Amino acid sequence: MGDASVMEKLVSLAKRRGFVFQSSEIYGGLGSVWDYGPLGVELKKNLRERWWRSMVHEREDIEGLDAAILMHPRVWEASGHVAGFTDPLTDCRQCKNRFRADDPRLKGTPGEPDAQCPVCGSRGTLTAPRLFNLMFKTFMGPVEEDAALVYLRPETAQGIYVNYLNVLQSSRQKIPFGIAQVGKAFRNEITPGNFIFRTREFEQMEMQYFVKPGEDERWFEYWREARLAWHRALGLTESKLRFHQHTPQELAHYAKAAFDIQYEFPFGWQEFEGIHNRTDFDLRRHQEHSGKKLEYVDTVSGERFVPYIVETSLGLDRLLLVVLVDAYREETVGAESRVVLRLHPAVAPIKAGVFPLVKKDGMPEVARSLFDDLGRRMPMFYDDSGSIGRRYRRQDEAGTPFGITVDGQTLEDRAVTVRHRDTLAQDRVGLDQVFSYLRERLDQ
Ligand code: GAP
């Protein structure tokens, strides 16, 4: 199986089974914007909830927040995004295409006669690089003028910084403490692509941890390890996970140190989560630009300081791609082949399929009643069409961990066969035990 074809097969499976669709597809699609279908929305929700539970519910030192996407435009001046969130771009005067100046497909130096356009092949038609800001702009209120300009946030982090004192005071937390948030972010990416890897609208799951200056490096190490452990617990292939430390050239304008957690995608090793030591950069800048003091006062020692911030920043859509890529398998079972998504049971969109072996002899009635009962407590799927093998394979492709078959014997022994997606093992389980049997194996 060639590497490129893995992505093609995954994109096609994602569409066919209702994980991910192209946005506005009937109009030809909108560049690098994607929609989540019935299975995708469940998988995404499960990943989001798993993150939220581990960050907010299971910890006493982290609070949740949901800040608005639109923020005062001066936030982005203070954060450095207006001046610094830019890519150098070059335009081809011949074919009008636009490229990042560091696009590896470009030959020669943009702006020089030898430079060659990678699309139309013309020489000397590429302009000298110009800086292009990645933030989306819109206007607030009825007048489209500069004074009404607002941005769609390019990261969720700033909503946390400007609210940090509100959260601190209302929750009565003490440093060290964190604020977690999940929400949409927007970037007018110039070279988006690889399906949902780099898109123009995406969701981030970010946590900002506020610490005393001098303790930042210790917390940075702590969060680096904690985040890798979280991905391991999701069952991601160990050998496909690694850290990448940012070189001074790679560091974002706000960071003193940064590590990416990378995954080995079919298109190479790429970041899907970043852990950043942002120092007191953001809070100091907001203090300067807003004129409001953002100091923390230690109630015991009376000490005052602007906290340092350690950030963990995970892209939800990118995590979903990691999870799909990692789960995708083509297998041969006996004489047959199957495509299976070996999703972690806790995040699988559907937990079990319920199948009456045949549509007669009382089997559909028992299967329906089991389905109705379980369906109130977890997402289930009822399927009575086609051979049992086909029904299993349809659920394998959807990543459903269990298949429950009601057969002729069920009416006598009040038991069903539970088939495991990954091992194909089959257990006979009493009808009144099915829920606890599944729950034990799902809550990990
Ligand atoms: N607040 C820090 C921050 O935003 P980042 O490294 O620019 O840092 C963090 O982004 C994470 O957000 C990335 O690791 C990635 O998972 C996700 N992300 C960033 N840009 C993205 C895009 N265009 N499409 C999808 N996910 C993106």
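Only the coordinates and a few stated rules stand behind these numbers; no lab work does. All figures in this text were calculated on a predicted structure; none of them were measured in a lab. Cβ: placed from backbone, ideal geometry, glycine included. Neighbour counts: every protein chain shown.
A few notes on this one:
- Amide hydrogen proximity for F136: with H placed 1.01 Å from N in the peptide plane, the residues at 5 or more positions away or on another chain lying under 5 Å are L152, N188.
- Per-residue HN-Hα couplings for segment 330-347 [Karplus 6.51, -1.76, 1.60; θ = phi - 60°; Hz; x = Gly/Pro]: 10, 10, 10, 10, x, 8, 10, 10, 9, 9, 9, 9, 7, 6, 4, x, 5, 10
- Phi angles of segment 199-206 translate, via the Karplus equation with coefficients 6.51, -1.76, 1.60 and θ = phi - 60°, into HN-Hα couplings of 10, 8, 10, 8, 10, 10, 10, 10 Hz per residue; Gly and Pro are given as x.
- Cα gyration tensor category, rounded, prolate or oblate, for the chain with a/c compared to 1.5: oblate
- For Y328, distant residues with modelled amide H under 5 Å away: R342
- Shape category assigned to segment 378-444 from the gyration tensor of Cα positions, a/c cut at 1.5: oblate
- Taking the Cα centre of the chain as origin and assigning +1 to Lys and Arg Cβ atoms and -1 to Asp and Glu Cβ atoms, the resulting dipole is close to 620 debye.
- Footprinting exposure proxy for H344, H289 (fewest neighbouring C-beta atoms within 10 Å first): H289, H344
- Neighbour cut-off at most 13 other Cβ (10 Å), DSSP loop, trypsin sites (Lys or Arg not before Pro), segment 89-118: R93, K96, R105
- Span from the segment 177-242 Cα centroid across to the segment 375-416 one, whole angstrom: 37 Å
- Ordering of 272-283, 40-51 by packing [mean C-beta count within 10 Å, highest first]: 272-283, 40-51
- Antiparallel content of DSSP bridges confined to segment 285-444, in %, to 5: 70 percent
- The order of the peptides 25-31, 317-323 by mean Cβ neighbours within 10 Å, most packed first, is 317-323, 25-31.
- Choice from H72, H246, H420 showing the highest fluctuation, given a GNM over the chain with Cα pairs closer than 10 Å: H72
- With a cut-off of 15 Å on the backbone N, the residues of segment 174-198 near the modelled label site 7 Å out from L30 along Cα-Cβ are 184-189.
- Among T417, N133, G37 - extreme Cα towards positive end, dipole of the chain, charges at beta-carbon: G37
- Legend: residue pairs K9/K359; K45/K359; K9/K44; K9/K96, Cα-Cα distance threshold 24 Å; pairs beyond threshold, K9/K359; K45/K359; K9/K96.
- Per-residue [θ]222 nm for the chain (sum of -39500 (n - 2.57) over DSSP H runs n ≥ 4, rounded to 500): -8500 deg cm²/dmol
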